[in-house]
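Quick notes on the structure that follows.
The values are calculated or read from the model by the stated rules, or taken from the named source; none is laboratory data. Bear in mind that the values here come from a model prediction, so they are computed numbers and not experimental data. Cβ sites come from the backbone with ideal geometry, for glycine too, and all protein chains shown count toward neighbours.
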Amino acid sequence: MKKLYLLAIATLCLTPAVAEDTKKEAKNDSLVFTPVVQNRVTSIKNQNHSGTCWAYSSFAFLESEVLKKHPDMKPEDIDLCESFLVSKTYTDRADRHVRTHGDASFSQGGSFYDAIYCLKHYGLMPEGIMPYPETLYGDSLYNFDSFFPPMEAYLKSIATSDSKKLNPAWKKSVQSMLDNYFGECPVTFTYKGKSYTPQTYAQSLGLNPDDYISLTSYTHHPFYESFILEIQDNWRWASSYNLPLDEFMEVMESAVRNGWTFAWGADVSESGFARRGSKNQCVATVPDTKVTSSVGSDQSRWTGEKAGVKLSEDDAAGEKTITQEMRQEGYDNWTTTDDHGMQIYGIAKDQNGKEYFMMKNSWGDYGPYKGFWYVSKPYVAYKTMNIVINKNAVPKHILKKLGL
C-alpha cells in the first residue's frame, strides 16, 4: 500500500468495546451507529510518518486470528512486532529490486502477503523485544522522513549500476541501515519468562500460514482462477483468487457475521471517504452526486486538504449502485489505486437501518470513533483492491468453485 502520513499522537489502547460507545460518541453527528456484530480486535496503533499500513493492518488481522483461536486470551495479551516484519520485508524487497535491475520497485509500501510470508519463513515476534516507542526509532511512532530516502537512493544506485559484477557487500550496507533504525532482529528472545525463536513464538500462537488466501474481483482475468494482482507493492508477485463481485461481497459479509475478520486493501482517495469538516467524519460512502476527487493516498488528502462537497446525511443515504463494470473501470483508469491497508471486523447500522462495515485503522486515536471507521457496503464493493482472509471463513460453495 502507498505511504500515508499522520502527525505523531499517542496511541490509545482500545478494544472493540469502543464500538459499544459509538452511539454516545457520535451523538453530535448526523449519523448514529449501532453495532450489529463485532469481532474481537486489539488496540489501535499509529503508523505515524511511514508507509507501513500493510504491516499494521495485516498484523491487526493476525492478532484477531489469534484471539479467535484462543477465546480466553485478552486483546492486550497479543501485540505483534511490526518492526520485525518491516525489517525482514525490506531486506527481501531490496534483494528483489537489485535482482531485477530496479524493475521491481523498492518503496515503503507492501502487501498483506508480506506478513503471511514472514509468518511462514521467518516467524513472528511480540511487541517490546525490538526497540520500543521511547527509543529513537520507536515501533509505533515510525518516522521515515530521514531514514528511508537515503536507503532508497542507495539501492537505486546499486540496481541501475553499470558494473559488470556486483560486490555482495551492498547487502551488508542495507542491513546495517535497517538495523540502525529498527534494531537487529534477534535470533532468540525471552518473553513472559519463556525462551523463543521467532519461529517457535509463531508456532505458539497456533497460526497456520497455509490457512490464508487473497481474494479480489476483476474482469481482466477469468473468475474462479488465481492471478497476480498488478500493483507495484505486490512485489512478491502473490496470487489472488478472482470472484464475481456478488460472491466477493458475500464472502466479506458472511465472514464477519460468522465471527471472522479480514485484512482489507482499498483505495481511500475518494471524496466519499469522509474528510475533516464533514458531519460524518470517519465514514466512507459513495455519494450519488458528482464531486471532484483528488487522486492521492496520503492521509492529509482525505482528512483535511480535500476540496469539494461536504458529505451530508442525504448523501450517505443515497449511494451509487456499484457494478462489476464500475470496479473494472476504476482499476483500469487508475482512479482505484492501492492506497491503504486496514482491517474489517464488524457490521453496524445507522439510525436509518443502513448497514456499514466496521473498520480498524492504523492512524492512532483519530476522529470521533478513536481510530475506528464505518465503511458503507457500496464503498467496499467499489474500492476494495483485495482482501486476505482465513479460507475457513469463506462459504463452502465458493471454496468449491475455487478448487479449495
So residue 301, is it assigned to a helix (DSSP H, G or I), over 19 Å from residue 355 (Cβ atoms) and at pLDDT below 95: yes
Scope segment 220-248; condition farther than 23 Å from residue 94 by Cβ and crowded, with 18+ Cβ neighbours inside 10 Å; matching residues: 226, 240, 241, 242, 243, 245, 247, 248
Condition check for residue 363: touching a Leu at 6+ places or on another chain (Cβ under 6 Å) and farther than 18 Å from residue 287 by Cα: yes
Lone unmet requirement of (1) of a type outside the set (D, E, K, R); (2) over 30 Å from residue 162 (Cβ atoms); (3) modelled with pLDDT of 95 or more for residue 48: (3)
Leading residue by the ranking (nearest to residue 39 (Cα to Cα)) among those in segment 332-388 that are at pLDDT below 95 and of a type in the set (A, V, I, L, M, F, W, C): 363
Residue satisfying condition, being closer than 28 Å to residue 69 by Cβ, of a type outside the set (A, V, I, L, M, F, W, C) and without any contact (Cβ under 8 Å) to a residue 60 or more places away in the chain, within set 206, 193: 193
Total residues in segment 255-278, condition of a type in the set (Ser, Thr, Tyr) and closer than 17 Å to residue 65 by Cβ: 1
Looking only at segment 71-86, and only at residues there that are assigned to a loop (DSSP other than H, G, I, E, B) and closer than 19 Å to residue 199 by Cα, the one that is farthest from the chain's Cα centre (by Cα): 78
Tally, over segment 86-115, of residues that are touching a His at 6+ places or on another chain (Cβ under 6 Å) and within 18 Å of residue 239 (Cα to Cα): 1
Any hit, segment 234-254, residues being at pLDDT below 95 and of a type in the set (D, E, K, R): no
